[in-house]
Amino acid sequence: MKKLFEDFKKDIKFKSAGPGKNSKPAVAPSSSSTKQSRHSPSEGAQMAGAAALARIEQQQRPKVHTSQDAIRNQVKRELEAEAAALAEKENAVTAEGSKVKDPACLSVSGVYFTCPLTGATLTKSQREVHIKEAILMRFEEDDVEASVMMVHTFNKDREKVKAAVDIISKYVDNICKNPSEEKYRKIKVSNKVFQEKVRPVEGSREFLQAVGFISVMLPVEGQEEEEEFLVLPEQSDDALELMKERRDRLQRGEPVRAQLDRQPQAFRPSPNAQRFELPPEFYNLSAEELKKEQQQRTELVEKNAMLRTKAMREKEEQRERRKYNYTLLRVRLPDGNLLQATFYAWDRLPALFEFVRESLVDGWQPFELIAPGGQKLQESEEVTLVECNLVPAALLTFAWDAAVQADIAAAGGKSSAALLKPELLERIQTLS
């Protein structure tokens with residue numbers, strides 16, 4: 001496996017500009033010596049022979065696939081194709097955004113994510129390819145864990161993943177119940193169920209090989225040619241228990257997803273606290289589509305301003321807010337400083353309160369957050385930020401719980417002079 005990844009590092013290099021060109025594999029010269037004919041072949045015969053040899057080399061020849069082959073093909077297919085598509089998409093979004101807003105004037109430079117496997121900070125277009133690379137590299141450490149991640153992360157259709165996991169689990173169950181029966185330890189690769197339900201799910205074959213199955217060409221009754229089987233050698237009782245544990249890991253597996261980097265940032269008191277300029281990544285629509293819809297909505301409002309009821313206006317506002325994937329929130333603290341962070345539009349209030357609490361020196365003290373318009377947000381309510389009208393950006397007001405502050409003062413206690421943690425204050429900036 002180590003040799004595979006050395007080859008992977010040499011052969012597959014991710015290029016954001018697009019996939020590399022497919023190069024024809026060179027034909028290695030034979031190391032064995034050949035006897036020369038009594039009469040040397042003519043030049044025409046040599047050319048014909050070379051052409052025939054090239055045709056033979058180019059023909060697809062059946063071969064026994066290994067886990068290394070599967071991973072190598074996976075790397076080439078996924079990383080080269082997706083790198084080109086995602087890079088092209090990001091370039092298009094960047095180009096559209098640059099026409100609308102000056103990057104220097106943006107409230108935040110973009111939306112970023114953190115890979116849970118490597119800790120790397122990624123852009124939206126980098127996250128999927130990076131995570132797949134990280135999972136493939138994990139085969140060096142734990143091929144079972146890596147194959148479980150592969151199954152649940154590389155495949156988008158959750159129903160197909162569940163079907164494949166169920167079938168693989170059935171393979172393991174049958175082996176554990178009938179450990180001495182060879183038929184349960186052999187999977188015919190051309191079997192209809194395997195071909196339709198298991199093989200299309202990336203990572204399924206890697207998992208089977210990680211738990212001990214090996215690829216073998218075996219004769220089939222009534223056929224001249226051999227066929228490929230995945231065969232599990234007879235297992236000890238301890239090995240069977242380990243297989244069950246690995247089956248359970250497969251069943252419990254979850255997709256590996258990049259985590260939103262909130263990019264916490266402190267700002268000094270500023271009269272510009274309510275001004276927001278958002279980058280294109282915050283929107284579900286492209287910059288041009290947003291511009292067009294904004295113009296159409298403005299015209300519609302002007303025509304029908306007197307005819308729209310309150311319910312109609314609220315419905316329209318909800319529809320507008322659904323155009324955003326993320327929201328940028330600022331919290332004005334009692335000392336005037338501002339705390340800023342990025343959230344998903346569908347994050348819920350407890351996530352907002354938790355973030356603010358973790359940013360405070362005295363996070364143990366109860367506090368309140370007041371939304372624009374004077375609405376007091378309730379930490380216990382499992383409502384989304386979009387439902388609270390906090391999308392695509394909002395300025396909140398922070399206040400300590402008055403009753404608790406009174407008790408602290410009565411007991412002769414004092415709150416910390418600085419509200420935010422030192423690591424935030426060290427990087428404090430001024431809003432432009």
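The values are calculated or read from the model by the stated rules, or taken from the named source; none is laboratory data. Owing to the predicted nature of the structure, the values given are computational and were not obtained by experimental measurement. Reconstructed Cβ throughout: ideal geometry from the backbone, glycine too, with neighbour counts over all protein chains shown. What goes into the accessible areas is simple: the full protein's heavy atoms, side chains included, and nothing from ligands, DNA or RNA. Shrake-Rupley method; radii C 1.70, N 1.55, O 1.52, S 1.80 Å.
Report in % the part of the accessible area of segment 323-430 that belongs to carbon and sulfur, leaving out ligands and nucleic acids; probe 1.4 Å. Don't jump to the answer; show the numbers that get you there.
Details: 2610 of 5030 Å².
That fraction is 52 percent.
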Within segment 185-245, DSSP-loop chymotrypsin sites (Phe, Trp or Tyr not before Pro) with at most 13 other C-beta atoms within 10 Å are none
Taking only the alpha-carbon positions of segment 323-430 as identical scatterers, the Debye log10 I(q)/I(0) at q = 0.15, 0.22 Å⁻¹ comes out as -0.65, -1.27
Averaged per residue, the 1.4 Å probe accessible area of segment 342-411, protein heavy atoms only, in Å², is roughly 47
Taking r as the C-beta separation of Glu368 and Ser109 and R0 as 22 Å, the FRET efficiency to the nearest 0.05 is 0.10
With no solvent term and unit scatterers on the alpha-carbon positions of segment 121-252, Debye gives log₁₀ I(q)/I(0) at q = 0.11, 0.12, 0.14, 0.21 Å⁻¹ of -0.43, -0.50, -0.67, -1.29
Going through Lys186/Lys244; Lys132/Lys188; Lys162/Lys244 one by one, the pairs whose alpha carbons sit over 22 Å apart turn out to be Lys132/Lys188
Net charge (Lys, Arg +1; Asp, Glu -1) of residues whose beta-carbon lies under 11 Å from that of Ser270, Ser270 excluded, is +4
So, with points 7 Å from each Cα along the Cβ direction, the Glu234-Ala411 label distance in nm works out to 7.1
Pseudo-spin-label distance Ala120 to Arg427, built 7 Å along Cα→Cβ, given in nm, is 2.0
Mean accessible area per residue over segment 121-252 (1.4 angstrom probe, all protein chains present, square angstrom) is 52
In segment 326-371, the chymotrypsin sites (Phe, Trp or Tyr not before Pro) that sit in a DSSP loop and have at most 16 other Cβ atoms within 10 Å of their own Cβ are Trp346, Trp364
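Hey, any idea what % of segment 97-248's accessible area is carbon plus sulfur with a 1.4 Å probe?
Percent of accessible area from carbon and sulfur atoms in segment 97-248: 47.
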Using a 1.4 Å probe on heavy atoms of the protein chains only, the accessible area for Asp261 in Å², nearest 10, reads 40
Sorted by chain and number, the residues with a modelled amide H under 5 Å from that of Asp347, at a separation of 5 or more or across chains, are Leu385
Any GluC sites (Glu not before Pro) in segment 109-213 that lie in a DSSP loop and have at most 14 other Cβ atoms within 10 Å would be Glu141, Glu181
Length gained if Ala402 through Cys176 is fully extended, taking 0.36 nm per residue and subtracting the Cα-Cα distance, is 75.0 nm
